[in-house]
Structures are given as C-alpha cells and as structure tokens.
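Working notes, structure below.
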Amino acid sequence: MKVSILSTAHVHFEAFASAVKSCAGTELAGIYDDDAHRGKKKAADLQTVFFENIHDALAVCEAVVVCSENVKHEELVFAAIEANKHVLCEKPLAISTVSAERMAKKAVEHDVVLATAFPLRFNTPAMEMKRVIEQKQIGEVLAFHGVNPGQCPKGWFIDKKLSGGGALMDHIVHLADLMRWLTGAEVSKVYAEADSLLVPCITIDDVGHVQLEFNNGIIADIDPSWSRPEGFPTWGGIDLRATGTQGSVDLRAYAQKVTQYNNRKTLYHDYGDFEYLYMMNAFVETIGSQQTELANAWDGVAATKIVDAAYQSAKEHEVVTIA
C-alpha cells in the first residue's frame, strides 16, 4: 500500500516516515508540504518525491499520514477523505470537538479509515499494563496518576494560531486515551489549572494539572506540563500508576534505554520496541478489516472533548461535565 505523508511540520514526522518505510505493508509514495523549503529538504533526506500540490500527492497513494500543524489537520484530512484515501492523523485529531466530529462523520460518509495516532496503545510496557488490569491482578482500578512532561517544542507549537493551545493541547491526549483504552471507561468530569510560568517569553500555557472523573467512578490526574529544562537528558517521558483494590501497577513507557555519561552531560539512547511501526502495521490491518488496537476517529473525538473541557475549566476555575 502506497502512503503519502501530508506535511513535515510535526516533531514526530521522522518516526512516521521511518514506520512507513519499515512496514512490510507500506511504501512511501512521497511527501506534500505547504512549506516547500521544509518539505523538499525532508523529501531529499528520505530520497523520496516532493509534491508541491496536495492533489498530486493524493493521486499516487491509497493512504496518507497527516503530520501538519494542529490547526491544519481538518483541511488535510478532508482533502484525503474526499479523495477516498485512508488517513492516520497525528494527535490531537483536531483543536476542537466540533472539528473532530466533522472529521469523524466525514470518514463514515466516505467509508474510509480515519485513525488517530496514539502510539502508546502499541507500547510494549503499556500492553503489559493492560493485560495486568484486564486480568484483575490489582483488583478493580480505583485511580490513575499520570505524568507526561516534556521540553517546550517551540516553533509553531507555541503559536496558538497554528497549535490551538499549549501544553494541555499537546500532552493531555496521550494519557487520557491510554486510560480510556486500559479501562473502557469514558471521562465524565474535568477540572484543570493552566498557566504560562516556565518558558520565558511565551504566553501560551506551558504548565498545567488536570483532574478527571470517569463514568465508572475511577478518578485520575495528569501533569501535561512542558517542564523539562533544555539541559535535561531526555525530551520527556510518560509514566502512569494505576491503583486498584488489591494493589497497584506502575508504567514507565520509555524506560528501555542505554545511559551514556561523559564529562559534560548524561545522554539516554532509546533501544526499545518501535511502537510507530506497530501502529503502522495496525493501520494496514485495519484498512484490511482486521480487528486491531488502533485508535479510531471517535477515540480522537473523545480525547479532544477532554482537552476542550480542560481549557474551559482552566478559564472558569470550575469542574466541567462532559456530556
């Protein structure tokens, strides 16, 4: 299956491109980017074709990966769906629930796969955590405590006109989707606080704390802050604790590392499983009508609802109920 990548804007572009090239079921057809300078450079690096026109990129493929700035997701996803192409879209699916729902409904109308990129569903430690929870090894889950810290990604991520939001927009969705996937429960209430406190010279939210209540009574909290200083040896990380009636289980999603020291700094080299490749395999299998753990468009809608509620709560300093 030939896959075109629409935009190279996102920091995870290289991971998606590597997954497309490594997956036995996919072939990289080329790259489209509305920033020609940026796109041509990435295409040259990957020794693939650069398309200046999106319709040319869509004409040579059966599916696409969308790696653009957040606010451009709907535009690119609609173009792909209207060309009857299957879509794997970088998270968050959209910058608003209204936009996400439009995209999901459009995919249903055209009978194409619209998947949301939540690679944690294919993270080996996370899959083991799901097994532990499903087998009731810690009893019934009562609560989650999750942290997704990171360095400020800068660039378009701190331009609200392109990102739609800051750290809350960027980092709530991974853990929120993971909790939904682990339990099958939906978030019903959200309380959040957010501010710009850590990164100099930006006004977008770079720090926050989010509390969730699920429709089955589980409570949870998420720290999505861009709290890693530039000198920190890793970009970020994802940790999650599930506390149950008969014990608890801790997840460190990216703990498979080699640690290197020298006279100036400490460096971590990841050597763990490549979850983006597993996600790409699942994308191909889903298109082939197989059952997979791939997050669909409605999973993307659910995560977007939580982000919307978090921003509303942070603004009003009140608990927000999700219908």
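The values are calculated or read from the model by the stated rules, or taken from the named source; none is laboratory data. Keep in mind that what you see is a predicted model, and the values were worked out from it rather than measured. We place every Cβ from the backbone using ideal geometry, glycine too, and count neighbours over all the protein chains shown. Surface areas here come from the heavy atoms of the whole protein model, side chains and all, with no ligands, DNA or RNA. Shrake-Rupley method; radii C 1.70, N 1.55, O 1.52, S 1.80 Å.
Can you tell me which residue among 176, 185 is open to solvent by less than 10 Å² (accessible area, probe 1.4 Å), without any contact (Cβ under 8 Å) to a residue 40 or more places away in the chain and more than 18 Å from residue 315 (Cα to Cα)?
185
Checking residue 200 against (1) part of a loop (DSSP other than H, G, I, E, B); (2) under 24 Å from residue 165 (Cα atoms); (3) modelled with pLDDT of 95 or more, only one condition comes out false. Which one?
Only one criterion is unmet by residue 200, namely (3).
Out of all the residues in the stretch 158-167, which are open to solvent by less than 30 Å² (accessible area, probe 1.4 Å), assigned to a helix (DSSP H, G or I) and farther than 24 Å from residue 219 by Cβ?
Result: 163, single match.
Take the stretch 116-139 and flag every residue that is open to solvent by 10 Å² or more (accessible area, probe 1.4 Å), more than 18 Å from the chain's Cα centre (by Cα) and either at pLDDT below 95 or not aliphatic (A, V, I, L, M) (or both).
Within the stretch 116-139, 128, 130, 131, 134, 135, 136, 137 meet the criteria.
For the stretch 248-271, how many residues are outside any strand (DSSP E or B), surrounded by 10 or more Cβ atoms within 10 Å (Cβ to Cβ) and within 25 Å of the chain's Cα centre (by Cα)? Explain how you work it out, then say what you get.
Keep residues of the stretch 248-271 that are outside any strand (DSSP E or B), which gives 253-256, 262-265, 271.
Keeping just the survivors that are surrounded by 10 or more Cβ atoms within 10 Å (Cβ to Cβ) gives 253-256, 265.
Then keep just the ones that are within 25 Å of the chain's Cα centre (by Cα); that gives 253-256.
Total meeting the criteria: 4.
Please go through (1) open to solvent by 60 Å² or more (accessible area, probe 1.4 Å); (2) of a type in the set (S, T, N, Q); (3) without any contact (Cβ under 8 Å) to a residue 60 or more places away in the chain for residue 8 and return the number of the only condition it doesn't satisfy.
(1)
Residue check: is residue 83 farther than 18 Å from residue 173 by Cβ and hydrophobic (A, V, I, L, M, F, W, C)?
Numbers: farther than 18 Å from residue 173 by Cβ: yes; hydrophobic (A, V, I, L, M, F, W, C): yes.
Yes; evaluated as a whole, the condition is true for this residue.
Looking only at the stretch 228-237, which residues are at pLDDT 85 or above and either open to solvent by 50 Å² or more (accessible area, probe 1.4 Å) or touching an Asp or Glu at 6+ places or on another chain (Cβ under 6 Å) (or both)?
Passing the criteria: 228, 229.
Rundown of residues vs (1) part of a helix (DSSP H, G or I); (2) out of contact with any Lys or Arg (no Cβ under 8 Å at 6 or more places or on another chain), yes/no style:
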position: 125; (1), (2): yes, no
position: 137; (1), (2): no, yes
position: 156; (1), (2): yes, yes
position: 169; (1), (2): yes, yes
position: 185; (1), (2): no, yes
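With 147, 190, 199, 207 as the choices, which residue is of a type in the set (Val, Ile, Thr), crowded, with 18+ Cβ neighbours inside 10 Å and in contact with a Gly (Cβ under 8 Å, 6 or more places away or on another chain)?
147
Check whether at least one residue in the stretch 268-275 is within 22 Å of residue 141 (Cβ to Cβ) and touching a residue at least 60 places away in the same chain (Cβ under 8 Å), and report yes or no. It would help to see each step written out before you state the result.
Within the stretch 268-275, the first condition is being within 22 Å of residue 141 (Cβ to Cβ), and the residues that meet it are none.
No: the stretch 268-275 contains no residue that is within 22 Å of residue 141 (Cβ to Cβ) and touching a residue at least 60 places away in the same chain (Cβ under 8 Å).
Do the conditions hold for residue 142, that is, is it open to solvent by 20 Å² or more (accessible area, probe 1.4 Å) and in a strand (DSSP E or B)?
On the way: open to solvent by 20 Å² or more (accessible area, probe 1.4 Å): yes; in a strand (DSSP E or B): yes.
It is true that residue 142 is open to solvent by 20 Å² or more (accessible area, probe 1.4 Å) and in a strand (DSSP E or B).
Which of the residues belonging to the stretch 217-227 are surrounded by 16 or more Cβ atoms within 10 Å (Cβ to Cβ) and either of a type in the set (Lys, Arg) or not in a strand (DSSP E or B) (or both)?
218, 224, 225, 226, 227, listed by residue number.
Assuming residue 317 fulfils every condition listed in (1) free of Cβ contacts under 8 Å to residues at least 40 places away in the same chain; (2) more than 28 Å from residue 28 (Cβ to Cβ); (3) open to solvent by 60 Å² or more (accessible area, probe 1.4 Å) apart from one, which condition is it?
Every condition holds for residue 317 apart from (1).
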